[in-house]
Amino acid sequence: MIILKDILKIYKTGDVELRALSGINLKIEDGEFVAIMGPSGSGKSTMMNILGCLDTVTSGDYLLDDLNINHAREDELAEIRNQKIGFVFQSFNLLSRTTALENVELPMLYNGIGARERRIRATNALTAVGLSSRLHHKPNELSGGQQQRVAIARSLVNNPVILMADEPTGNLDSKSSIEVMNIFQQLNTLGITIVLVTHEPDIAQYSKRIIHFKDGSIDRDEIVKNRSIAEGEPLNLNINWRSEVAS
Amino acid sequence: MNFLENIRIALRGLRSNKLRSVLTMLGIIIGVGAVIIMVSIGQGAKASVAGQIQGLGSNLLIVTPGQSNTAGVKGGMGSLNNMTMDDVNAIKSSADAVASVAPTTSKQAQVVYGSENTSTQVVGTTPSYADVRNQQASIGRFFTDQENQDNAQVAVIGTTVVQDLTGNPNTNMVGQTININQVPFQIIGILQSKGSSGASNNDDQIVVPISSAETRLIGSDSIRTIYVEAKSSDLMDTASGEITQILRQQHGLSFNATNDFTVTSQTDILSTAEGVSQSLTLLLSGVAAISLLVGGIGIMNIMLVSVTERTREIGIRKAIGAKRKTIMLQFLIEAVIISMLGGVLGILFGSGGSSLLNKFAGMTTQISTSPIIMAFAFSFAIGIIFGVFPARKAAKLHPIDALRYE
Ligand SMILES: Nc1ncnc2c1ncn2[C@@H]1O[C@H](COP(=O)(O)OP(=O)(O)OP(=O)(O)O)[C@@H](O)[C@H]1O
Ligand SMILES: [Mg+2]
């Protein structure tokens, strides 16, 4: 569960102060599927960075699963990102010289999971998102949609409680976008909290709740009516990537 | 994060930039190579000096014609043929600190045995040579004073000559006759093998009576070198002084005239050899220190470039949970691998260089494990020292700034 209290984020460039977020109060329950919308510069990415523990607030409280993030040091934030949060970026952010499998193994490299189990869990995660035949491809040998699915697999391998996606469909065509939203909806059904930022109303329509940002604060918070269901392959969960291999 | 994993990542990075990696290593390669060559020359010189001393005989003084410039380095050697048998006899009879004296003359000569022939150094001397120069006959015998007086055509030959004439250094040629510059000599003994020291091979020579050499081979009675054995090592300086006094008198040199001969002792030879190897060592240490420094700076430079190039990668790694120390370690390991690889190549290059020097420059070099371990340690230290700054820079990057970097 996420609780934000009076979050203030001020960027200082020289003498100029910029209030990117001014007084955000927000509660996101476990299992929610939230879309954040709003005009450019309204503070959506700033919000996501704070939620994803990539950045710290200027003032206010951020509680993630009862853990007060304000007081965490940089390495503790790294550990939280590694253990609790999965990231999906607009520009995929895969390591370019590295195969899909190795990219997906990466988060497990940083929490000391053995090589054998890393391989198994990464293979399972890639299989789940339908990429079992692309394990050894490098990012430049994959389509945009496939790269984003690798990124999703990577975000899942450490069993995160929350998945952060900043414009995950921003670089994708509509077919790939629907594929990604299909995966998100299925993951959400499995209990993973999802927060995504999007500019596109039809993408937001796949979520359960839309939060509208304007000038660094929440303008409107609505429950999605007539929610769209993304058509697509069901996640291949015969081998559940979440099943703990004894470690 | 796993240590081996870091090494794999680092190696992949290096492989994808082969030329750059090699160029970066160049400084280390040259530095470490210089260290290896330097030490191998130093050790070789020591071994060779020890060998030479043993090869020369003990308590030895060497008298050569001509004035020397600096200790042991002969100037105008052979230009003067002013030493005679009279000088030798004078030393023998008047110098109290002298045990024995062996005059020598020598000439490069063509030696024929049956259908085989070879070119070697023929040394004409007296029987005392065997003791003074510690060159005994291992098979057969050395020639006698009588044979020397009789201009006897007898020879004691070195094993390298035996090898050249028969194809086998162990052939017993005693009793055989060889032609030296078309003059027949009977072999009466084989010299004990001493191996080569420095550039000279003690086994590649034929020793004959000096009388026979002068009358039958050289045709003059000039003496090239007089070997003198002092009575004890304490008397070396006394003997040297006596010889100088006697020869100045013999040559009728006035009070302020410089010597027209040179007396050299083993100590002089030793210090010359050490002096040469010391100045070489100094030069090479300079080269090594500078190249290692330049190499280290090169590594730092390339690591800084690498950190900048891979800012986004660092951002990704941090976003998914890499801690500062992990990123730091990754780049540090990369720097250490570059410098250690450079070190290994430098060791290969240095060993190769030192054996080339040995083969083609006639220098005695010796490679041992201690400089190799030292080189490893050096390159490790350089990797750490010059890798820390770039690695810290990478570790301190803010994940968001790094992710935004284009
Ligand atoms: N590192 C920074 N330094 C200074 N100002 C910043 C920084 N990051 C963001 N900002 C400013 O904060 C405000 C909010 O930026 P943010 O990136 O959150 O907007 P956004 O809603 O994600 O916009 P977009 O839809 O274009 O992605 C903007 O005015 C931006 O210029
Ligand atoms: Mg944004």
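None of the figures in this text is laboratory data; all of them are computed from the coordinates on show. As the structure is a computational prediction, the values presented were derived from the model and not from experiment. Cβ atoms come from the backbone with ideal geometry, glycine included; neighbour counts cover every protein chain shown.
Quick notes on this structure:
- Plainly put, the range B:361-406 has a radius of gyration that is 1.42 times its Kirkwood radius, both from alpha-carbon atoms, as the Rg/Rh ratio.
- Relative contact order for the range B:288-406, counting Cα pairs under 8 Å that sit 6 or more residues apart, in percent: 52
- Pairs over the 21 Å Cα-Cα cut-off, from the set A:Lys27/A:Lys84; A:Lys5/B:Lys323; A:Lys44/B:Lys325: A:Lys5/B:Lys323; A:Lys44/B:Lys325.
- For chain B, the Kirkwood radius over C-alpha pairs fed into Stokes-Einstein at 20 °C and 1.002 mPa s yields D = 84 µm² per second.
- Between 0 and 90°, nearest 10: helix A:100-109 axis offset from chain A longest Cα axis: 60
- Using the Cβ-Cβ distance between B:Ser193 and B:Ala257 with R0 = 41 Å, the FRET efficiency computed as 1/(1 + (r/R0)^6) comes to roughly 0.40.
- Beta bridges assigned by DSSP with both partners in the range B:81-259 are antiparallel in approximately 75 percent of cases.
- Shape call, the range B:200-275: gyration tensor on alpha carbons, a/c limit 1.5: oblate
- Zero-based 5 Å bins, Cα pair distances in the range A:1-108, whole percents: 2, 10, 19, 21, 19, 14, 9, 5, 1, 0
- Neighbouring Cβ atoms from other chains, within 10 Å of the Cβ of residues in A:105-118, number 3 on average.
- Note on the range B:81-259: Cα-only Rg and Dmax are 17.2, 57 Å.
- Shielding value for A:74-86 is 4, the average number of Cβ atoms from other chains within 10 Å of each residue's Cβ.
- 3J(HN,Hα) along the range A:208-214, derived from phi through the Karplus expression 6.51 cos²θ - 1.76 cosθ + 1.60 where θ = phi - 60°, amounts to 9, 8, 10, 10, 9, 9, 8 Hz, with x in place of Gly and Pro.
- Inter-probe distance in nm under a simple model that places probes 7 Å from Cα toward Cβ, at B:Leu356 and A:Asn159: 6.1
- FRET efficiency estimate (nearest 0.05) - Cβ-Cβ, B:Glu5 to A:Ser132, R0 30 angstrom: 0.80
- Taking all Cα-Cα distances within chain A, those exceeding 25 Å account for 42%.
- Point-to-point label distance, B:Ser233-B:Ser271, nm (Cα→Cβ direction, 7 Å offset): 1.6
- Averaging the sequence gap over all C-alpha pairs within less than 8 Å and six or more residues apart, then dividing by the number of residues, gives chain A a relative contact order of 27 percent.
- Straight-distance crosslink candidates among aspartates and glutamates, where the alpha carbon sits under 15 Å from B:Lys231 and sequence neighbours closer than 8 are dropped: B:Asp96, B:Asp131, B:Glu242
- Where the Cα pairs of the protein assembly as shown fall when distances are cut into 20 Å bins, in %: 16, 29, 17, 14, 16, 9, 0
- Most mobile listed residue (A:Leu190, A:Leu95, A:Leu126) in chain A, GNM with C-alpha springs under 10 Å: A:Leu190
- At full extension, B:Thr244 and B:Gln108 could sit 46.1 nm farther apart than now, given 0.36 nm per residue minus the alpha carbon distance.
- Relative contact order of chain B, pairs being alpha-carbon contacts under 8 Å that are 6 or more residues apart, as %: 29
- Rounded to 10°, Cα long-axis angle of helix B:236-250 versus longest principal axis of chain B: 50
- Hydrodynamic radius of the range B:254-406 by the Kirkwood approach over all distinct alpha-carbon pairs: 19.2 Å.
- Applying 1/(1 + (r/R0)^6) with R0 = 41 Å to the Cβ-Cβ distance of A:Ser22 and A:Glu117 gives a FRET efficiency near 0.35.
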